Structures are given as structure tokens and as C-alpha cells.
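Enquirer: One structure coming up, written as C-alpha cells, with questions to follow.
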Amino acid sequence: MNEFPTVGVAADAKPSNLPEFTVGEISQAVKRTLESAFERVRVRGEISGLKRAASGHVYLSLKDTDAVLDAVCWRGTAGRLAVVPEDGLEVVATGRLTSFPGRSKYQLVIDALEVAGEGALLKLLEERRRRLAAEGLFDPDRKRPIPLLPDVIGVVTSPTGAVIRDILHRLADRFPRHVLLWPVLVQGDGAAAQIAAAIQGFNALPEDGPVPRPDVLIVARGGGSLEDLWAFNEEVVVRAAAESEIPLISAVGHETDTTLIDYAADLRAPTPTAAAEMAVPVRAELLAQLMEDARRLVDCINRMIADRRTRVEDLARGLPSPTRLLEEKAQQLDGWVERLFNARYPYFGTRAQRVARYAAELRTPQQQIDTARLQVQHAGMNLQKAMERFIAARDHGLQQSAAMLRPSILIKLIDYRRLHLERLTELLESYSYERVLARGFALVRDAQDRPVSSAALVTPGTALKLQFKDGEVAAVAAGKSGRPSTTKPQADKAASAKERQGSLL
């Protein structure tokens, strides 16, 4: 017997007592059941398929060896997560189960996220350390020296913990300095963002602003577990510490605790109290050191002065007495004076005899004039004889040249010169302005008989003289007319006429 009725036989269908639901109704019923039964759950699994939408929501899946659970973290919650989700990270997600009717899927809405177990945290920490080290954030060349005695110290820590009190107490004992506190959370949601913002805020202070810019920063926190110190392992905090222009001292946890900010800081302190000791020296020790340095400097200067004095005294013993030197020079000067007086009379007597001898050998001016006159007369006679011989030679040469010249050559030369002169005369006549007047032109002169060569020089009422070929006519200038435009043919014709006319000057 067939247990299933034949499809399509409506007569054999039996009425059912089951309620009938629409698709939307059954989806909402399932949604309410899930949310009421799993209102708050903690799910452990490995993150896979991580996606960040443009809206800011985070979509991922939690999987283990048996199943896969879809999950979503809304934008407002994603920014406050204590752990940044990454593929392959084993986490414990806290939230509520719900369904997505549009695709008939159920999913976990994540409210909080934490790493599952310390081993997973250490694995994540090591991977992050290697990645940031590869970027060069931990290079020793980036680290700057801590100033010896800073005027202002900036502290980034919790305002209510014992850390700030320990730092202030230690600074007061060693060397009191001006301290600026930037209060932040040191663990929990939002702690990493506040710590990074505090470091960046201190660096953004202007050097000459109303709030003094610190010379050194201390990022401090007390001891705790790996989860408690996790904010100082976040990438945003490590990058802010590495990019800080102010030298930074990391003092997170106890001596055995190590965070990533310790690698990026310029100096690591095992405890917050030790950070205060590294930031400033002991005032008493510094004063003692200064006094010791001053004493050593004074001793050194005294020894140097004593050595110089001894050397000068040794050199002085090798020098003769100045008084004895003066006495010897005075005696030597007396001897020179005596020798001068003794030698004066023979010296001047010899010079006087030599002068008398030279004076006897000198000729009088009259004797010199007579000798020069005789020399001039003798030279004049020689010159006259030479001129007579030269003139006689020239006359003889001219007579020979005249005898050699033929009359026909002279006649031809004279005719050639006469013809050349006549041509020059005709050329001069052609350049005369009277010839130009004969061709119908007129010469314009002013009242002073000066030629007028431009219309710009004539004003209305000016008396003018117009000279034609047969006489002059007086005229008075009435006014100026506009210059007519000249076309190219007219300009060519005027230029040709000008060439034929020639210059008037």
C-alpha cells in the first residue's frame, strides 16, 4: 500500500490542524526564539573571512573544527574593541545571537572581543613586534638622548593611581621640576587611543605657547597581567611613541614586564620610579659634582699659574739686568759723542778745501756765453755753405727737368685739367637751388631770411617770403591743413619726383 498520496488528487487530501505561517512570520518567530534563548553568550573561535565595509561595520566568521558561525560588529562598537580583529586570531567574542531574515541566516552580534588565552596574546604580540621592527620603528638610530636637566616633564598616566604620586615624590627628592600631567586610561576600552592622543598632544604644543612644551615625556603605568598592559602593545601607541619629537621614556609595568612601547621609546625604565630617576639627576649630587669640578678647575688654574710663574722666573734669571744694560749703552753713547766732536773739525775742513777747489775750476757765466756765441757763429757759417750747395744742386736739376719736358705734354695736361674743371662747373650749377626754382618750386623763408623746412615750424600769422625763379613774394601763414593720406602709387610717384628733383640744400 502506498503511504504517500498521489500528487494532484485533491479529493483524497485530508484537512490538517497545523497553523499556517507566512515566510516573514516564521522568520520573526525564529528571531525571537534565538534572541530570548541566547540573549548573552561568549563564543570562542578563530577569526576568518574578516571584512571591513565602507560603512565602518566589521563582518567576520568564528570557526573551530566542528562549525562556522557568522558574526558582525557594528561601527559604533568596532571602534571601542580592546582587540583589533585579524584573520587567524583566536578570540572570545561576547554578544547576542540573532537571525538575518533576508538570508535565513543566524549570526552573532559582537559587543566585546578579547584574545583567547595568554598564548594567543603572546603569538599576536610577537607577530606585531616583528612587523613593526621590519618597518624600522625600533631602530637604535631613531632614538634621541634624554636631556640632562629638563625644565618641563610631561607625564602620560592615570591621574588616580599610585604611579603619578611615585613620580612626583621621586622628582621632589632628586631635583624638583615643573610637571605636566595628561590624564589617560591605562587599560580597557579606549585606553590605547587616549595614550596615543596624549603623546601627540604634547608634541603639538608650541614652544612659545601659554602651556610650556615638555623637554621629556614619561609614559608610565603600574604592573599587571599581559591583558592589563595590552593597551601599550597596540600599534597606534607604538607609532605615536616612535614619531614623538620629544624624547620619550617608557615606564610600563615592573622590571620583568615588556611591552612594544618599550622598543619604540628613546629610553626604557624598569619602573615608573626609575623613570623619574632617569629624567633628572640628584640635585645634591649635581651640586657636589659642580663643586668638585669647580675645585678641580681652580686647582688646575693655580697649577698652571704657578708653572707659568716658575717659567718666567727661570727665564728672568737668564736675562741681564736692565740697569746694567742701560749703563753700558750710556757709556757707549758718550764714546760716540766724543768721537763725533773729535772728527767734526777734520771732516768739515776737508769738505771746505774740496769746495774751494771746485769753485776755482768753475767758469764765469760771461765766459760760458762767449764760448756758446762762437759755437753758434761757426755752426751758422757751416749751415749757410750747405744751403748754397743744396740750392745750386736743385737749380741744376730743375734746369735739366725743364729741358726734358716737351711742349705737347704740357698742352695735353692743360687741356685735360680745363675739361675736368668745366665738368665740375656744370655739376655745381646742376646742384644750385636756382635750377630747382626754375622747375616751378619755391623757396620759403621766414622774416629773418632763414629757410623753413617743415610745416611744424610755421604758426598762423607768421610772415613768410616765397622766392620764385623770377623774384620774391611776401606771404602770411593762415593755418595748417591735415596731411592727406598717400597711397602706395602716389608715394612711389612722389619718391620718383623727389629723386628727379634732387636736394634743395
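Enquirer: Give the number of residues within segment 25-53 that are β-branched (V, I, T) and surrounded by 13 or more Cβ atoms within 10 Å (Cβ to Cβ).
Expert: 3
Enquirer: Out of (1) assigned to a strand (DSSP E or B); (2) surrounded by fewer than 17 Cβ atoms within 10 Å (Cβ to Cβ), the odd one out for L108 is which?
Expert: (2)
Enquirer: When you go through (1) surrounded by fewer than 18 Cβ atoms within 10 Å (Cβ to Cβ); (2) among the hydroxyl-bearing types (S, T, Y); (3) modelled with pLDDT under 90 one by one for T94, which number turns out not to apply?
Expert: Unmet condition: (3).
Enquirer: Starting from segment 236-255, take each residue that is under 12 Å from R144 (Cα atoms) and free of Cβ contacts under 8 Å to residues at least 60 places away in the same chain and list its partners that are surrounded by fewer than 24 Cβ atoms within 10 Å (Cβ to Cβ) and not acidic (D, E), counting only C-beta distances under 6 angstrom and pairs at least six apart or across chains.
Expert: S244/N203; E245/N203
Enquirer: Collect the residues in segment 72-91 that are charged (D, E, K, R) and at pLDDT below 85, keeping them in residue-number order.
Expert: R80, E86, D87, E90
Enquirer: Tell me the helices (runs of 4 or more DSSP H) entirely within segment 327-442 that contain at least 2 residues that are in contact with a Lys or Arg (Cβ under 7 Å, 6 or more places away or on another chain).
Expert: It comes to 433-438.
Enquirer: Quick one: in segment 452-465, which of the residues that are free of Cβ contacts under 8 Å to residues at least 24 places away in the same chain and not in a loop (DSSP other than H, G, I, E, B) is farthest from V476 (Cα to Cα)?
Expert: Per the stated criteria, the residue is A456.
Enquirer: Whether any residue in segment 120-131 is crowded, with 16+ Cβ neighbours inside 10 Å, assigned to a helix (DSSP H, G or I), free of Cβ contacts under 8 Å to residues at least 60 places away in the same chain and not β-branched (V, I, T) is what I want to check.
Expert: Within segment 120-131, one or more residues are crowded, with 16+ Cβ neighbours inside 10 Å, assigned to a helix (DSSP H, G or I), free of Cβ contacts under 8 Å to residues at least 60 places away in the same chain and not β-branched (V, I, T).
The values are calculated or read from the model by the stated rules, or taken from the named source; none is laboratory data. The structure displayed is predicted, hence computed values, not measured ones. Ideal geometry is used to build each Cβ from the backbone, glycine not excepted, and the neighbour counts take in all protein chains shown.
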